[in-house]
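Report on the structure given below.
What follows draws every value from the coordinates through simple rules; no lab data is involved. These figures come from a predicted structure and were not determined experimentally. Virtual Cβ from ideal backbone geometry, glycine too; neighbours counted across all protein chains shown.
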Amino acid sequence: KRTLNPELLEYHRKFVDMMIDAGVDGIRADVARAKPVEIWDIIIPYSRKRNPEFAWLAETYTYEDASPQANMPYDRPEDSLRAGFDAYYGQYHIFHEWTTAKDLHDYVRENLNLSYRVERGKSLIGSFATHDDVSPMYHGGEVFCNLTTGLQVALPMLNPYFVDGFQSGDMYDYSYRDKYVEKSDTDYNYMKVHPGKLDIFNLSRKPGGDKPQIGEFMTAALKFRDDYANVLKRGSYIMLDKKKDKQDQIISFARHRQGKTLLVLANKNVDRSVAAIVKVPTLKENQELKNLLPKYGQESKFQVSKGEIALELGPGRIHIFEIDTPYIESNSKKVYKQH
């Protein structure tokens, strides 16, 4: 009947009060679709009467509907955003399952189009891996970690997100897995661990791997994002055409705002180099390419000519260049902007 339980609603109000009084500045709602939007329609505005800047993140995806509970509704990010949530999880955690650059472009475009159906300024987190996913190290090691970090700082609508241990390449393999223990807080005396995933259910070790260079790349990439915030957080997303990339492995796009352009070129394939020719409207043949991200992995090769770049990108490499193309938007067909 869509009628709320007043006592349960009051319990939620008290919880929000407790969080705000404790100095918390936002709430992540686990499985946000588990509650009807009528609750969020009341609780979220209530929180902002006390703190106008109180943030809400919905753990709601785009396609998933898996749930341990019967009769759980499908994920519905638009409903959550309309109810007042600021951000949602999205679906970047299945990036490693996408086989082509088109899969990524289509998803970015889908989210940008969604932004026009809800209130201005909504976003999603760059959850290329959550605590429910295996370590990115299993999808390509340090190279894959750096690739996804570079994408997080370059793609529109994203707030970068990293699970603890990512910054040093933790494989989340635990020596106590399946070992017997005398004392247990459950009815099971063997240490249950999900291989490759951050252990949040046991008295675990401190997260950490042996690849500190991942954290160094991440730090530099996030600083770059701050330095170019005007373009990366508010600029358009321009999909660039290419040729001679039969397997569609080269991710090529530009971010542009107020005459400034950032060119992003990445190789989705973490196992081998890939060559292609990328069309860059209004690109000058004397354009210098200076990578704004740190080097890692195998070297890449570039040859600039008027309106295009011939390239061979190393496995899993991502490069970002500032280029002099103030009129690239008006000369491109695939231009998308966030609401």
Worksheet, complete the sentence: Kirkwood calc, segment 113-191, C-alpha pairs only, radius in angstrom 15.4
Worksheet item: Based on the mean of other beta carbon atoms within 10 Å per residue, what is the order of 82-89, 205-212, most packed first?
Response: 82-89, 205-212
Practice prompt. Based on the mean of other Cβ atoms within 10 Å per residue, sort peptides 139-149, 266-276 so the most packed one is first.
Written response: 139-149, 266-276
Discussion item. Can you say what percent of the DSSP beta bridges in the chain, counting only those with both residues inside, are antiparallel? Round to 5.
Written reply: 75
Worksheet, complete the sentence: The percentage of Cα-Cα pairs in segment 111-245 separated by more than 26 Å is 41
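What does the charge add up to near LYS233, with Lys and Arg as +1, Asp and Glu as -1, over the other residues with Cβ less than 11 Å from its Cβ?
+3
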Item to complete: Report, as a whole number in µm² per second, the diffusion coefficient that Stokes-Einstein gives for segment 73-166 at 10 °C and 1.306 mPa s using the Kirkwood radius over alpha carbon pairs.
Response: 113
Discussion item. As a test of the definition: which semi-axes, in Å, follow for segment 6-59 when you take the square root of five times each eigenvalue of its alpha carbon gyration tensor? Largest first, please.
Written reply: 17, 13, 10
Item to complete: Quick one: grab the alpha carbon gyration tensor of the chain, order the square roots of its eigenvalues as a ≥ b ≥ c, and give me rounded if a/c is under 1.5, else prolate or oblate depending on whether a/b is larger than b/c.
Response: oblate
Practice prompt. Would you mind checking the radius of gyration and Dmax of segment 241-311 based on alpha-carbon positions, in Å?
Written response: 12.3, 37
Item to complete: Pairs to check: LYS192/LYS223; LYS211/LYS334; LYS197/LYS243; LYS211/LYS333; LYS243/LYS295; LYS49/LYS260. Give those whose C-alpha atoms are more than 31 Å from each other in this structure.
Response: LYS192/LYS223; LYS211/LYS334; LYS197/LYS243; LYS211/LYS333; LYS49/LYS260
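At a 10 angstrom cut-off on C-beta neighbours, averaged per residue, how do the peptides 168-179, 311-322 rank from highest to lowest?
Order by mean packing, descending: 311-322, 168-179.
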Worksheet item: What is the ratio of the Cα radius of gyration of segment 180-261 to 2.2 N^0.38 Å, where N is its residue count, to two decimals?
Response: 1.92
Worksheet, complete the sentence: For LYS179, counting only aspartates and glutamates whose alpha-carbon sits under 20 Å away and dropping same-chain residues fewer than eight positions off, the answer is ASP187, ASP199
